[in-house]
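Structure first, commentary second.
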Amino acid sequence: MSNENIIFTIENGIGVIQFNRPQKLNAINSDVLVEMEAVLAVCERNENIRVLILKGNEKAFAAGADIKNMVHANINEAYLLTDLTMRVQERLADLPKPTIASVSGYALGAGCELSLCCDFRIASDNAVFGLPEITLGIIPGGGGTQRLPRLINSGAAARMLLLGDTINAKEALEIGLADKVVELPKLADEVSAFAAKLMQRPALALRAAKTAMRKGLNMSLKEGLQIEQDLFCMLFGTQDQKEGMAAFMEKRKPIFKGK
Ligand code: COA
């Protein structure tokens, strides 16, 4: 696909979206979002894509929504912009396959929010996370006020949201914002190895686990348990369940086919 503001590749079952506005520290403007929306539609449909990775460059994952894009916006324009932002973020969060944010450098504002839509955040030691919108007289408009407190403790979330403080990689790991932190030169290999491990898992069970986990967070326990039970039982109609259990009984490694 021809994109200007993101680079999208598919290799060995892994889709990679790389933000590509290095001169603007990968600030997310409407063009980035429109291109992402089209690529996410491909990722949803293409069975050959088993895992999706989001990344930037060494200096910036993405330094936020493009401030130039909204500096003169009125209320209507802010709604239009956030409609698009929210739609893309939801689509990413709901992608029925695992997603990894490979974070080096700045992950601020919308960059941080996009990472929050991923299932995993693997960061390099130069990563800087933050939701500095409050320092611009606004609040996050891409899910940050909702997804961050659901992920980390409320005190740390409040510090990021109310003070606009940035968080370095070490602290991000401590508060559970990053799942893993490695030295910058090792980030790509670490993320590839992580993706390769995910690809060994049965695709339909992965999808079910992600759906149960994500949907359940927004439901009562009783409703969530019902989703879990339904998806658990549905998996008994898959070849991978037969294979996984047969392999255990026969003391061998399973060969999953995603069916
Ligand atoms: N929106 C628009 N442009 C941005 C941007 C953003 N969120 N973040 C960085 N840029 C642009 C800068 O304007 C600059 O462009 P220019 O060379 O045409 O002036 C370029 O990217 C490089 O940024 P610069 O500020 O010179 O780099 P730095 O290393 O000195 O500082 C940051 C890096 C991340 C601390 C600083 O760019 C920053 O604070 N960015 C805004 C972060 C933010 O508030 N994000 C939330 C937005 S809602």
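Descriptive notes on the structure:
- Mean projected area in nm² (Cα convex hull; one quarter of hull surface) for the chain: 14.9
- Think of the chain as having a plus end and a minus end, set by charges on the Cβ of Lys, Arg, Asp and Glu; of Q239, I28, S104, Q239 sits farthest toward the positive end of this dipole.
- Using the Cβ-Cβ distance between T211 and N57 with R0 set to 25 Å, the FRET efficiency works out to roughly 0.20.
- Stretch gain in nm, segment I67-Q239, where the contour uses 0.36 nm per residue and the Cα spacing is subtracted: 57.0 nm
- DSSP finds beta bridges in the chain, and of those with both partners inside it, around 30 percent are antiparallel.
- Using a Gaussian network model of the chain in which every pair of alpha carbons under 10 angstrom is joined by a spring, one finds that among A156, A38, A110 the greatest mean-square fluctuation is at A38.
- The base-10 log of I(q)/I(0) for segment 63-133, evaluated at q = 0.16 Å⁻¹, reads -0.61 [Debye formula, identical scatterers on Cα atoms, solvent excluded].
- Lys-Lys pairs in segment 121-259 that are eight or more residues apart or on separate chains and whose Cα atoms lie under 23 Å of each other come to 21.
- Cleavage-rule hits, trypsin sites (Lys or Arg not before Pro), segment 1-100, DSSP coil, Cβ neighbours within 10 Å at most 16: K59
- On a per residue basis, the convex hull of the C-alpha atoms belonging to segment 3-150 measures out at 105 Å³.
- Sparse packing (at most 14 other Cβ atoms within 10 Å of the Cβ) combined with a DSSP loop state is found for the following GluC sites (Glu not before Pro) in segment 1-89: E4, E47, E58.
- Between 0 and 90°, nearest 10: helix 30-45 axis offset from the chain longest Cα axis: 0
- Segment N20-I138, length gained on full extension (0.36 nm per residue, minus Cα span): 39.9 nm
- Taking every DSSP bridge with both residues inside segment 45-156, close to 0 percent are antiparallel.
- Rg(Cα)/(2.2 N^0.38 Å) for segment 79-206, N = residue count: 1.06
- Within segment 106-234, percent of DSSP bridges classed antiparallel, to nearest 5: 35
- Temperature 10 °C, viscosity 1.306 mPa s: under these conditions the Stokes-Einstein estimate for segment 175-242, based on its Kirkwood radius over C-alpha pairs, is 111 µm² per second.
- The GluC sites (Glu not before Pro) of segment 108-191 that meet both conditions, a loop assignment by DSSP and at most 11 other Cβ atoms within 10 Å of the site Cβ, are E183.
- Each residue, S30 and L151, gets one label point 7 Å from its Cα in the Cβ direction; the gap between the two is 2.7 nm.
Read-outs throughout are calculated quantities, based only on the coordinates presented, and are distinct from any laboratory measurement. Bear in mind that the values here come from a model prediction, so they are computed numbers and not experimental data. All Cβ positions, even for glycine, are placed from backbone atoms using ideal geometry, and neighbour counts span all protein chains on display.
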